[in-house]
Each structure stands twice: as C-alpha cells, then as structure tokens.
Amino acid sequence: MFRLNCLLLVIVLLFTSCDKKQNRVATYRNVDIKDTKIKVKGANYVDRSGEHLCWSRFSEEVLSMPSTQSMFNADKARTNSGVRMQFKTKSDRVKLVFLPQLGDNRGAAFAINQNGQPTQTFEFNAQESSQQMTIEVVNQHPGLSTYFEVVMPSWANVALNSMELWGTSELEELADDSKPVYLAIGNSITHGVGQGSATYLTYPYLVAKSLGYDYYNLAVGGAKVSQAIADMTDELPKADLITILIGYNDLIFSGKPMAEYITAYESYLRSIRNNHPYAKIYCITLTYTKAEKSEKTGITPDQYRLALRNFIYHEQSKGDKRLFLIEGDEISSVENLRDDNPNDKVHFSIKGAELFAKELIEIIGE
C-alpha cells in the first residue's frame, strides 16, 4: 500500500510539473519593438531610438514650420492616416499596446489584416484613445506563419509601446513585397474626415488596396496648397501614381483669388513633378460641395474648377504625357456627402468615400 501511494504521488508530481511547464510556455512574452522585422508603411519618418516605436507622415522640419508657411495645422498633420505596421509570426495571439502621442486626437480605429484579408477592428473613442490602448489579435491561421498588418487610425497619433507574442513564437522575416508607390495629397477629404478615425475606410486606402499599391497619405485636414509638402515629397520613395485634391480651403477659408490659387498650384505641381518625374499625376478639381461661393470673394467652386482645368490643359500642351485632369464634381455628388452631418458641405460619408474610390479606381485602372 505504501509503495502504491508513493507511485501515485510521483505520478501526480510529474503531471503537476508538466502542467506548470506547459502553462509557463503558453503565456505572453515581450518582443523587442525595435526589431526591424516590424515594418512601418505609409510613414517615411520612423523612430526606433526611444522607448516607443514612433512614426510620422511628415518630417519634423516641416511640422515645426509656422502654419502661415506650411499652410496646414501641425497637430492635424501628426495623425496617422495611411500608416500601417506589418509583421509575420506563427503566434496564436498577439497583444499590442499603443500610447497616444502629440497631435489631434478624435478617437482611434484600428483594422487588422491577416494574409491580406480583413479580420478584426478595434475602436476607441476620444477619451479612451487619450490613454493606453490594448488590442489582442487572434491568429486566424493558428500554428502557421501569418502576415499581419495593423492599419493605424486616421485621426489620432499613436506609438507602439509593447508587443507580446504567445508561447515560444518569434517574429519572422517579411518577404520583399515591393509594390508601386501611390501618394495621395490633399486636405480633409483625402485625410478622411467623415470616415471616423478609420484609415481603412478612407478613399486613398481603398484605391491603394484595390490597385495593389503601397501608399502614403500626405493629406491634412484644413490644408491649403502647401509648397512645404510639395518640396518634402523629394524625401519619399519615387512615386508611380499621385492624386492631388486641393483647393477647397484656399477658396472658402482663405478667399484666394483664382490667379493666386493657380500661381501657388503651379509652383506646387512643379516641385511634385520634379521630385517624381515618372509618376502619373491626376489633378482633381473640387469635388461636389453645397458651398455656393466664398463669402470673402464671391468666387464660386465652378470658377476654381475652370481655372484649374485651364491650367492643367496648358501644362499638358507643353508635353507632360503623365499629367491628367479629373473633374471632381463629375465623379461625386450629394450622394457622397455625410448623412450623419447634413450641415457638412463637402466631406464624404463612409459610403461616399467608397463611391469616390470606385470612380478613381475605374479611371486610374484604365
């Protein structure tokens, strides 16, 4: 009987030891967020030197300019529209912790893609996104090497504070996924006002995803024609495709005369073309708006559209075969505008951004 009891005790101890070992293995553990196996797309300025993994769409030199020179608000420019973080692992779960950084914070909506397919979304309101945000990603392909993409919020500035993988899983090298480059330049319509704080619902994201482009969203809510942004594009990868939708704020809020708008646009476009000589550039006239005219000058959206149309035709006549004009009001209508805010005269709803993206995809994909 004594021997039997001893044998049972040994068996219990062995199982207890195995359970403890298994539990010890099957837990989260931290990985180095400075590991270059974590890639950042859509932000040309990535900082791995501090406690957090940080990124920015714009250079600090441009962000530090006075708004009268940059022609945009730096807090809005610090937000993460278009930024994606990519990594590969067999981990069954991934825990990511983000911290808010300096910038305009209107809430944070994250989207998770796995092997190119959308799988999860996480939303934090403005109050929740003003503090630590934790998301737990469940691998839809457990035990297999899975390519994860985390799409950052469009109206918040976040940084990666920590990453934890499950069990003994490690980060793996990402395969080279070189794609053509798309630059989306503009103001709040392109930035993503009207689609919450969800990059994945903005029209540039939808265009890039459909056409298979890597992309950078260089739009800023409230921006006017910005020579600083045009000049900064020299620091970005050479683009294959560029869309420019700018002018509403110049017309309505600045009250620029048409000649002044076109003079600024000419210099702006010249810099972009010099920096990206082989890109197809699509200049989009003002999209549909309920605004009838500038209260400061009496100039109408149609007059701005005509001025840009004539300028682009003139540039094309000089031999730029990669320069195109898109009539913004012909591919948008009242149907594109926000239904959650009838007083908004210009911004797209979620459905409106999708419709606009479909129009651009059809034109650009021809």
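The values are calculated or read from the model by the stated rules, or taken from the named source; none is laboratory data. Note that the structure is a prediction, hence the values are computed from the model and not measured. FYI the Cβ positions are ideal-geometry reconstructions off the backbone, even for glycines, and counts take in every protein chain you see. Just the protein is used for accessible areas: all its heavy atoms, side chains included, with ligands, DNA and RNA removed. Shrake-Rupley method; radii C 1.70, N 1.55, O 1.52, S 1.80 Å.
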Which peptide among 215-221, 316-322, 108-114 comes first, and what is the full order, when sorted by highest mean count of other Cβ atoms within 10 Å? 215-221, 108-114, 316-322
Calculate one ³J(HN,Hα) per residue across segment 62-74 by plugging θ = phi - 60° into the Karplus curve 6.51 cos²θ - 1.76 cosθ + 1.60, and present them in order as whole Hz with x for glycine and proline. 6, 5, 7, 5, x, 4, 5, 9, 6, 6, 7, 8, 5
Using only the alpha carbons, work out the radius of gyration and Dmax of segment 32-180 in angstrom. 15.6, 53
Order M71, M133, most accessible first, counting only protein heavy atoms with a 1.4 angstrom probe. M71, M133
Non-local amide H neighbours of F348 (under 5 Å, H modeled in plane, Pro and chain starts lacking H): which ones? none
Between helix 350-364 and the chain: long-axis angle, C-alpha atoms, 0 to 90°, nearest 10: 70
Would you please put 135-142, 149-156 in order of how densely packed they are, using the mean number of other Cβ atoms within 10 angstrom per residue and starting with the highest? 149-156, 135-142
With the 8 Å Cα cutoff and a minimum separation of six or more residues, the chain has a relative contact order in percent of 16
Could you pull out every one of the lysines with an alpha carbon less than 17 Å from that of K290, ignoring same-chain neighbours closer than 8 positions? K345
Helix 2-25: inclination vs the chain longest Cα principal axis, degrees, rounded to 10, gives 10
Any chance you could run the full-extension gain for E327 through K37? It's 0.36 nm times the residue separation minus the Cα-Cα distance, nm to one decimal. 100.2 nm
Lysines within cross-link reach of K39: Cα-Cα under 29 Å, excluding same-chain residues under 8 positions apart? K76, K88, K90, K95, K179, K209, K238, K280, K358
On a 0 to 90° scale, report how tilted helix 301-317 is relative to the longest principal axis of the chain, with both axes built from alpha carbons and the result rounded to the nearest 10. 90
Would segment 255-366 count as rounded, prolate or oblate if I go by the C-alpha gyration tensor, calling it rounded below 1.5 in a/c and otherwise prolate when a/b exceeds b/c, oblate otherwise? oblate
Label points 7 Å out from Cα along the Cβ direction at E60 and S210: separation in nm? 3.9
